[in-house]
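Notes for the one structure printed next.
The values are calculated or read from the model by the stated rules, or taken from the named source; none is laboratory data. In this text, all values refer to a predicted model and were calculated from it rather than measured experimentally. When we count neighbours, we look across all protein chains shown, and the Cβ atoms used for this are built from the backbone with ideal geometry, even at glycine. What goes into the accessible areas is simple: the full protein's heavy atoms, side chains included, and nothing from ligands, DNA or RNA. Shrake-Rupley method; radii C 1.70, N 1.55, O 1.52, S 1.80 Å.
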Amino acid sequence: MTNEELNEKLSALSQGDKAAFEEIYKEVKTSAFTVIYRITQDRHLSEDILQEFFVRLYRTPPKAPLNNPKAYLMRMVHNLTVDSLRKQPNNADIGDYENALSAKEEEIDERLDLNNAMKKLSLEERRIVVLHINGGLKFREISEITEIPLGTVLWKYRRAILRLKVILNGGK
Amino acid sequence: MNMKRITSVITFFLCMSMFSVTAFGAYETSVAAETYPPTTEVYATDVYAVATAEEIGNADTEPYNTGAQFETMGDLYQHWYMTAGTEVAYPDYVCGVWSVDGGMESLMVAVTKDEKGEAGKEEILSLVRNHESVSFTYMAYSYAELHSVQEKVTVGLKEMTDEGIVSSWGIGVQEMDNAVVVDIDTSSEQVQEFMNDCFEQYGNMIIFNNGSIQIMDTTVATGVDIGGERDGTAENEYSILAGDGNVGAIPVEEGIPEGEIGAVSIAAEDNRSDILIWTAAAAVLIIGISIGIIAMRTSRARQTEAGNITDNGRLNSSQVEAILKSTSEEPQRDIFGKVMKEIEK
């Protein structure tokens, strides 16, 4: 679905069109859930957040047309995810931007396992990586959403990719 | 890490060390071949030691600081390089040094436009006897500051190379531009993002060259002239290759308007050391690089979770990004049904 088509669906949604809502759900569900899950690393919580996201989207749809409706929806997804994580007990990751990977490092399994690899990134690194790769957001947009300086976003992104490379290569 | 890889890495670093030692030996030889106007006194270990009028002989040329240690600015410049303990040979108030006459007889020294630069100017004049051998201009950034920027930017360039975004680039402090200059293909989006990031962090301390096109942040002016000595253009001025010990004239293209200095051609150098030493150094370097490449490419195959054997077990950063993009997660529950139930409450 192109941005124009998505804008049309959002416009129809604001009129209460449930068919348009279902089409939006089918279009956005996978990327939204991927972003949520890769940030939270908790499937049950991620499904709750996804449900909450679509309920909110239906009840308060954005005013179309948007410049980049996909990016707008990913921002909503991200913000909802971060808010939900804050409400969780044991939210030590929130605000802990230098989550000590070295303190949690265990012996690396040699098999390729993307989810295990993602778990070894800090929360901030996961946010930046999934928003860029799975959410399709530019670094400048990520910098605005996360309120992290652009240079830091770029640096953390590269560092995260390098860490994933090391982990997926068996820690070598 | 297996023994074969460890051995390859150790051998690579040994070759690099041998290259450094051999190259240093060649450098020492080439520097020793340089000749400068002989002076009569012996340099003391204290850099501020003062020679008497009798020792330096003819002291009736004006302006002439008879008490200074170095005959010309060229001598002081050479002293800086001979005694530098780090990659930055200049004092921290110096922005750059270049030749005005194509040789070493008349040098332009750019100093920072602040109290430190003013004090540095006075210090240089106190160290040099023949004041006609030196002229001054002001610039915004010291060579040390620019070198620090160069080191930071190099980290990012190396990362982009590792990720396969770029394959070649060049970087260096361009003293006459008072900036770090990066030569790189700027056509890709990632490089443009990197470029914008550098401009945000470093402003006009950095310039990007894409072939003949120069890209810079022009929001802040640099290079305020103190008047008289330099009119701000680069015509008929020459720069000295800094940092590698090779000293010589680099002609700037004539007729280029101010602010649009193009690529500077580098002239071949004279007074080189023995060709055999450099050939040996190059051979050692090539052997070392070859060993490193062979070690990297002969990694053992890996087995994926599905049992597939990959012929090259090492993923690069682009492949990691591709994996992240091509894989996705799906919710297991019927989310849409629950959403509709919630909406219709």
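Taken together, A:E124, A:E141, A:E52, A:E47 contain a single residue that is touching a helix residue (DSSP H, G or I) at 6+ places or on another chain (Cβ under 9 Å), open to solvent by 70 Å² or more (accessible area, probe 1.4 Å) and either under 18 Å from A:A160 (Cβ atoms) or modelled with pLDDT of 90 or more (or both), which is A:E52.
A quick yes/no check of all residues on (1) under 16 Å from B:Q319 (Cα atoms); (2) of a type in the set (A, V, I, L, M); (3) at pLDDT 90 or above:
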position: A:N115; (1), (2), (3): yes, no, no
position: A:H132; (1), (2), (3): yes, no, yes
position: A:E147; (1), (2), (3): no, no, no
position: A:R163; (1), (2), (3): yes, no, no
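Yes or no: A:E22 at the interface with another protein chain (Cβ under 9 Å from one of its Cβ atoms) and more than 24 Å from A:I133 (Cβ to Cβ)? Spell out the reasoning first.
Numbers: at the interface with another protein chain (Cβ under 9 Å from one of its Cβ atoms): yes; more than 24 Å from A:I133 (Cβ to Cβ): yes.
In short, yes.
If the condition is being more than 8 Å from chain B (Cβ to nearest Cβ) and under 19 Å from A:E4 (Cβ atoms), then the stretch A:25-46 contributes A:K26, A:E27, A:V28.
Could you please let me know if B:G102 is within 14 Å of chain A (Cβ to nearest Cβ), surrounded by fewer than 19 Cβ atoms within 10 Å (Cβ to Cβ), more than 20 Å from the chain's Cα centre (by Cα) and not in a helix (DSSP H, G or I)? If you could, list the steps in order and put the result at the bottom.
Values: within 14 Å of chain A (Cβ to nearest Cβ): no; surrounded by fewer than 19 Cβ atoms within 10 Å (Cβ to Cβ): yes; more than 20 Å from the chain's Cα centre (by Cα): yes; not in a helix (DSSP H, G or I): yes.
Considered against the rule, which asks whether it is within 14 Å of chain A (Cβ to nearest Cβ), surrounded by fewer than 19 Cβ atoms within 10 Å (Cβ to Cβ), more than 20 Å from the chain's Cα centre (by Cα) and not in a helix (DSSP H, G or I), B:G102 comes out as no.
Restricting the stretch A:152-172 to residues that are facing chain B (nearest Cβ under 7 Å) and open to solvent by 20 Å² or more (accessible area, probe 1.4 Å), the residue that is nearest to the chain's Cα centre (by Cα) is A:R158. Whenever a residue of the stretch B:117-144 is more than 18 Å from B:M104 (Cα to Cα), its partners that are basic (K, R), lying with C-beta atoms within less than 6 angstrom and at least six residues away or across chains, give the pairs B:Y138/B:K113. Counting only residues that are aliphatic (A, V, I, L, M) and part of a helix (DSSP H, G or I), which one in the stretch A:37-65 is nearest to B:S328 (Cα to Cα)? Checking each candidate, the answer is A:I39. Just one of the numbered conditions (1) more than 14 Å from chain A (Cβ to nearest Cβ); (2) out of contact with any helix residue (DSSP H, G or I) (no Cβ under 6 Å at 6 or more places or on another chain); (3) open to solvent by less than 20 Å² (accessible area, probe 1.4 Å); (4) among the hydrophobic types (A, V, I, L, M, F, W, C) is not true of B:A119: (3).
Of the numbered criteria (1) within 30 Å of A:I167 (Cα to Cα); (2) at pLDDT 90 or above; (3) among the β-branched types (V, I, T), the one A:I108 fails is (2). Restricting attention to the stretch B:159-176, does a residue exist that is assigned to a helix (DSSP H, G or I), more than 14 Å from every other protein chain (Cβ to nearest Cβ) and touching a residue at least 12 places away in the same chain (Cβ under 8 Å)? Yes, the stretch B:159-176 has at least one match.
Checked against (1) out of contact with any Asp or Glu (no Cβ under 7 Å at 6 or more places or on another chain); (2) surrounded by fewer than 16 Cβ atoms within 10 Å (Cβ to Cβ), A:T30 passes all but a single condition, namely (1).
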